[in-house]
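The values are calculated or read from the model by the stated rules, or taken from the named source; none is laboratory data. Just so you know, these numbers come straight off a predicted model, no measurement behind them. Reconstructed Cβ throughout: ideal geometry from the backbone, glycine too, with neighbour counts over all protein chains shown.
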Amino acid sequence: MSTPRQRYREQVRREIKQAALARIGEGEPLSLTAVARRLGMTGPALYKYFASRDELIAELVQDGLGELAAAVRAGALPEGGPRERLHALARAFHGWAVARPGLFLLVSSAPTLAGVEEVLGPFLPVFAQARSAPALDGLPAWAHVREGDPVAALTGAVLVWTRLQGVLSVELRGPFAGVGTALLAAEIDSLADTMGL
């Protein structure tokens, strides 16, 4: 059981992360001093909760990947053909990113994506049913599937990650806001064709 002091510390850490996300969502650069000011704290006081800006960003990225993974899992269809299931997963990914653009942009620009396997995990069984796949070197442990081709599963997962990143980058950063849903459907159909789904 946690002590009142531990609960208070966790509450303040959550508030710091929320303030940082609000700042990112407003398109403002992330600095601990600006986040502290938003919360009515001094910069040095904030360092009691996060040792550095990098530590705060790393936690935000991990939180974001956890949220994204949960959204993708929630969007999975229990039945249906692989193409239909792929579209459902991609829509769930896209929907989360559009709802949380600042956090998505932070997650997608992170130098390391430990946790991405949780996001891509639901895609693996879909792509394991692919009829063809270009070969990738090396197969990480998380890419193994119970049934089907693990190489196709990993290849498809990597390709869906890059294609979703591309669609969202164009939609969230570029002059093509509002075309994401149609672009997403076309991109996922193209990927399904490439993978023989």
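So, ALA92, is that one part of a helix (DSSP H, G or I), modelled with pLDDT under 95 and either in contact with a helix residue (DSSP H, G or I) (Cβ under 9 Å, 6 or more places away or on another chain) or aromatic (Phe, Trp, Tyr) (or both) or not?
So ALA92 does not fit the description; no.
Within the range 30-47, being among the polar types (S, T, N, Q) and part of a loop (DSSP other than H, G, I, E, B) holds for SER31, THR42. Is there a residue in the range 82-94 that is without any contact (Cβ under 8 Å) to a residue 40 or more places away in the chain and either farther than 18 Å from LEU159 by Cα or within 10 Å of the chain's Cα centre (by Cα) (or both)? No, the range 82-94 contains no residue that is without any contact (Cβ under 8 Å) to a residue 40 or more places away in the chain and either farther than 18 Å from LEU159 by Cα or within 10 Å of the chain's Cα centre (by Cα) (or both).
For the range 3-17, the count of residues that are loosely packed, with under 13 Cβ neighbours inside 10 Å, free of Cβ contacts under 8 Å to residues at least 12 places away in the same chain and part of a loop (DSSP other than H, G, I, E, B) is nonzero.
Considered as a group, the residues in the range 175-186 that are surrounded by fewer than 18 Cβ atoms within 10 Å (Cβ to Cβ) and at pLDDT 90 or above include one that is farthest from ALA97 (Cα to Cα), and that residue is ALA186.
GLY25: surrounded by fewer than 17 Cβ atoms within 10 Å (Cβ to Cβ), under 30 Å from ALA182 (Cα atoms) and without any contact (Cβ under 8 Å) to a residue 24 or more places away in the chain, yes or no?
No; evaluated as a whole, the condition is false for this residue.
For the range 66-89, check the following and say yes or no: at least one residue is β-branched (Val, Ile, Thr) and surrounded by fewer than 19 Cβ atoms within 10 Å (Cβ to Cβ). No: the range 66-89 contains no residue that is β-branched (Val, Ile, Thr) and surrounded by fewer than 19 Cβ atoms within 10 Å (Cβ to Cβ).
Within the range 144-162, restricting attention to residues that are of a type outside the set (Gly, Ala, Ser), within 16 Å of SER108 (Cβ to Cβ) and buried (at least 18 other Cβ atoms within 10 Å of the Cβ), the residue that is modelled with the lowest pLDDT is LEU159.
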